[in-house]
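The values are calculated or read from the model by the stated rules, or taken from the named source; none is laboratory data. Computed from a prediction, not measured in an experiment: that's the story for all the values here. No Cβ is skipped: glycine too gets one built from the backbone with ideal geometry, and neighbour counts run over all protein chains shown.
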Amino acid sequence: MPRKKTTKTIEEINEKIRKGKVVVVTADEMTEIVKSKGAEKAAREVDVVTTGTFSPMCSSGAFINFGHSKPGIKASRVWLNGVPAYAGLAAVDIYIGATEPAEDDPLNRVHPGQFKYGGGHVIQDLIAGKKVTLRTIGYGTDCYPNKEIKKKVKLSDLPYAVLLNPRNAYQNYNVAINLTDKTIYTYMGVLKPHAGNANYATSGQLSPLLNDPYYLTMGLGTRIFLGGAKGYIIGPGTQHNPHVKRSDNGVPMQAAGTLMVKGDMKEMDPKFVVGVSMLGYGCSLAVGIGVPIPILNEDMARFTGVSDEEIFTNIIDYGNDYPRGEATSLGIVSYAELKSGTIQFNGQEVPTVPLTSYKRSREVAEILKKWIEKGEFFLTEPVERLPSVPL
């Protein structure tokens, strides 16, 4: 008689969390479990797999309400530590983008086009409890007569501050090389001429969307680890595109799914929300994200058991092809090869450089694991799943 396939519900897993009986492993650990025991047995033994990534994620920012003054002001232009924020919302609501540079950046004065400080750094400074200078200009109305405010504020002074990132946690991404005769400066980092290095992103077998390639367990309302605190997926991220070439295991071989996420900045940890400067390119924000994946059945055990040897991506020339809006694959490599430190390309050995911190990505997965084991974090059923393709 055939064995009945293991099936669980999120509510059943949450009940195990309440009783302290839940079995949680990180995606790294699940890879080894599935390899040694098989997906069917892993599905019976494991309830939740935690994932993690920590990497620059340019499409990030924060909605902030800085509170009413006396007399009131209707902000038309706003700066935080000299970084412009968007004020076209309401009287004292603004949005600051991670890649917006300071208008009078000292590095830009010396090296035009290079920036030391931007919106991502403002966000990290606020989360770290530092004071930032708020400057606001208004055009004056009968109900909001004030025309200018300048003051120091801390995160605790702000009535509302939410990290809301339009596109995070890319599901797979390109390997960037440069085949021109000169060094180039990109959002994938500095690329030496003649394929002098190969830069890559994502945490491979630990990465959230690579462990649920068809987004079967996540969507609107999924509770996640975001920046050291509890956050939520609020929908597909901008440029979310599940309609791409996939390996036999369902994992996309190029940039595919993305997440739009939000979380309370007042609960976050500056260790996992870090302003960064990309030499010659601009500013960004490195964000720590971890998504818990419930092991509802054998399929989810198999997906979360994926290894770096089974995840592939494409080598793209960022010197010639990418600037022209092209993405011609010059070769395919696995994340196991990328993480080894070198890849073979056109008969030469090319050093690889990760933009993602694997050490801190693993920390994200471990912290999320501990939260669940301690009963401090429960799983949520998505109200609506992310757009996907058939299995």
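How many residues are among the acidic types (Asp, Glu) and either on the phi > 0 side of the Ramachandran plot or under 16 Å from the mean Cα position of the chain (by Cα) (or both) when one looks only at the range 231-280? Here the count works out to 2.
Quickly run through the range 372-385 and pick out the residues that are in contact (Cβ under 8 Å) with a residue 60 or more places away in the chain, out of contact with any helix residue (DSSP H, G or I) (no Cβ under 7 Å at 6 or more places or on another chain) and either in a loop (DSSP other than H, G, I, E, B) or crowded, with 18+ Cβ neighbours inside 10 Å (or both).
Once the filter is applied, which keeps residues that are in contact (Cβ under 8 Å) with a residue 60 or more places away in the chain, out of contact with any helix residue (DSSP H, G or I) (no Cβ under 7 Å at 6 or more places or on another chain) and either in a loop (DSSP other than H, G, I, E, B) or crowded, with 18+ Cβ neighbours inside 10 Å (or both), the range 372-385 yields THR380, PRO382, VAL383.
Conditions tested, residue by residue: (1) part of a loop (DSSP other than H, G, I, E, B); (2) assigned by TED's automatic domain parsing to the domain that holds ILE316; (3) touching a Lys or Arg at 6+ places or on another chain (Cβ under 7 Å); (4) closer than 30 Å to LEU179 by Cβ.
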site	(1), (2), (3), (4)
VAL353	no, yes, no, yes
THR356	yes, yes, no, yes
VAL364	no, yes, no, no
PRO387	yes, no, no, no
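Candidates are the residues of the range 276-296 that are assigned to a loop (DSSP other than H, G, I, E, B) and of a type outside the set (Gly, Ala, Ser); the one that is surrounded by the fewest Cβ atoms within 10 Å (Cβ to Cβ) is LEU279. Does MET300 satisfy being among the aliphatic types (A, V, I, L, M), assigned to a helix (DSSP H, G or I) and not assigned by TED's automatic domain parsing to the domain that holds VAL83? In short, yes. Would you mention how many residues in the range 87-103 are touching a helix residue (DSSP H, G or I) at 6+ places or on another chain (Cβ under 7 Å) and either among the basic types (Lys, Arg) or part of a loop (DSSP other than H, G, I, E, B) (or both)? Residues that pass the stated criteria total 3. Pairing each residue of the range 322-340 that is within 14 Å of ALA198 (Cα to Cα) and touching a residue at least 12 places away in the same chain (Cβ under 8 Å) with any residue that is part of a loop (DSSP other than H, G, I, E, B) and of a type in the set (Val, Ile, Thr), provided the two are 6+ apart or on different chains, yields C-beta distances under 7 Å for SER334/ILE311; TYR335/ILE311.
Candidates are the residues of the range 65-86 that are among the charged types (D, E, K, R) and outside any strand (DSSP E or B); the one that is farthest from the chain's Cα centre (by Cα) is LYS70. Among the residues making up the range 141-169, those that are surrounded by 15 or more Cβ atoms within 10 Å (Cβ to Cβ), in a loop (DSSP other than H, G, I, E, B) and touching a Lys or Arg at 6+ places or on another chain (Cβ under 9 Å) are TYR144, LEU158. Candidates are the residues of the range 19-64 that are of a type in the set (Ser, Thr, Tyr) and within 28 Å of VAL353 (Cβ to Cβ); the one that is farthest from the chain's Cα centre (by Cα) is THR31. VAL306 passes every criterion in (1) modelled with pLDDT of 95 or more; (2) closer than 30 Å to LYS182 by Cβ; (3) in a loop (DSSP other than H, G, I, E, B) apart from (2). Which of the residues spanning the range 29-64 are crowded, with 21+ Cβ neighbours inside 10 Å and part of a loop (DSSP other than H, G, I, E, B)? Residues satisfying the conditions are VAL46, ASP47, THR51, GLY52, MET57, CYS58, SER60. Taking the criterion of being in contact with a His (Cβ under 8 Å, 6 or more places away or on another chain) and farther than 22 Å from ASP181 by Cβ, would at least one residue in the range 282-297 satisfy it? Yes; the residues of the range 282-297 include at least one that is in contact with a His (Cβ under 8 Å, 6 or more places away or on another chain) and farther than 22 Å from ASP181 by Cβ. For the range 229-260, filtering for residues that are within 14 Å of ALA161 (Cα to Cα) and touching a residue at least 60 places away in the same chain (Cβ under 8 Å) leaves 1.
Answer yes or no as to whether LEU179 is touching a residue at least 12 places away in the same chain (Cβ under 8 Å), closer than 30 Å to TYR318 by Cα, surrounded by 19 or more Cβ atoms within 10 Å (Cβ to Cβ) and in the same structural domain as ASP308 (by TED's automatic domain parsing).
It is false that LEU179 is touching a residue at least 12 places away in the same chain (Cβ under 8 Å), closer than 30 Å to TYR318 by Cα, surrounded by 19 or more Cβ atoms within 10 Å (Cβ to Cβ) and in the same structural domain as ASP308 (by TED's automatic domain parsing).
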